[in-house]
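J.: There's a structure below that I have some questions on.
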Amino acid sequence: MDRQIPVFVRGRVDPGVVGVDETIELTVTVTNGLPRVMFYSGSWTEPVEWNGETISISIVDIYRDGEPGNLFLDRPEVTLPSGVSGIGRIRVESGRLLSVRTDARKWVLRDGWLPGDYQITVRVDNLAIDDYCTLSVTSDPIEFTIEEIGDPAAPSSP
């Protein structure tokens, strides 16, 4: 199916298998297929302690092990530190892309990030394409696994 508006959001978790207590490194990429510049609301593309990189990123669907029922409970709270006057915006030229990295664990699930096979969908909001129009664009599903990782010092069974 052809898209009416050529702006694409893709995501990936790398590595695709993480331990129960490890960071879930989520990279969200926005591609500008428009014939003109667009602007992303936010000035942070790397994780910061006060969650600035999550301003325009949402995880809208979170499923584990193919079970029905979205596990999403809450998004990260953004608390601008003193000295930061506003969220700013990043220029994305036609044909270019912008990548934002964060930790998916910043989003809260009903019962936590338990071991299992996950499928999440992300959305990028507040993409300004002109003075009168802003877009929200959703990704295709992103898959990854959380596993219990045993104690490497524990003896293995024969």
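Taken together, the values in this text are just the output of simple stated rules run on the coordinates, not laboratory data. Given the structure is predicted, the values throughout are model-derived calculations rather than measurements. When we count neighbours, we look across all protein chains shown, and the Cβ atoms used for this are built from the backbone with ideal geometry, even at glycine.
J.: Go through (1) in contact with a helix residue (DSSP H, G or I) (Cβ under 6 Å, 6 or more places away or on another chain); (2) surrounded by fewer than 20 Cβ atoms within 10 Å (Cβ to Cβ); (3) of a type in the set (A, V, I, L, M) one by one and return the number of the condition Leu26 breaks.
T.: Every condition holds for Leu26 apart from (2).
J.: For the stretch 1-22, give me the residue count where each residue is surrounded by 14 or more Cβ atoms within 10 Å (Cβ to Cβ) and not in a strand (DSSP E or B).
T.: 1
J.: From Asn70, Asn126, which residue is of a type in the set (S, T, N, Q), surrounded by fewer than 17 Cβ atoms within 10 Å (Cβ to Cβ), within 19 Å of the chain's Cα centre (by Cα) and closer than 21 Å to Thr145 by Cβ?
T.: Asn70 is the lone residue from the list that is of a type in the set (S, T, N, Q), surrounded by fewer than 17 Cβ atoms within 10 Å (Cβ to Cβ), within 19 Å of the chain's Cα centre (by Cα) and closer than 21 Å to Thr145 by Cβ.
J.: Condition test on Ser82, is it more than 27 Å from Asp21 (Cβ to Cβ) and among the hydroxyl-bearing types (Ser, Thr, Tyr)?
T.: yes
J.: Can you name the residue in the stretch 30-49 that is buried (at least 16 other Cβ atoms within 10 Å of the Cβ) and within 15 Å of the chain's Cα centre (by Cα) and is also nearest to Ser94 (Cα to Cα) among such residues?
T.: This residue is Thr31.
J.: List, please: which pairs have Cβ atoms under 8 Å, are six or more places apart or on different chains, and start with a residue in the stretch 21-35 that is touching a residue at least 12 places away in the same chain (Cβ under 8 Å) and end with one that is surrounded by 18 or more Cβ atoms within 10 Å (Cβ to Cβ) and polar (S, T, N, Q)?
T.: Sorted first by the residue in the stretch 21-35, then by its partner, the pairs are Leu26/Thr102; Val28/Thr102; Val28/Ser139.
So that you can scan it fast, the table gives a plain yes or no per residue for (1) hydrophobic (A, V, I, L, M, F, W, C); (2) closer than 21 Å to Ala128 by Cα:
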site	(1), (2)
Thr45	no, yes
Ile55	yes, yes
Pro68	no, no
Phe72	yes, no
Arg75	no, no
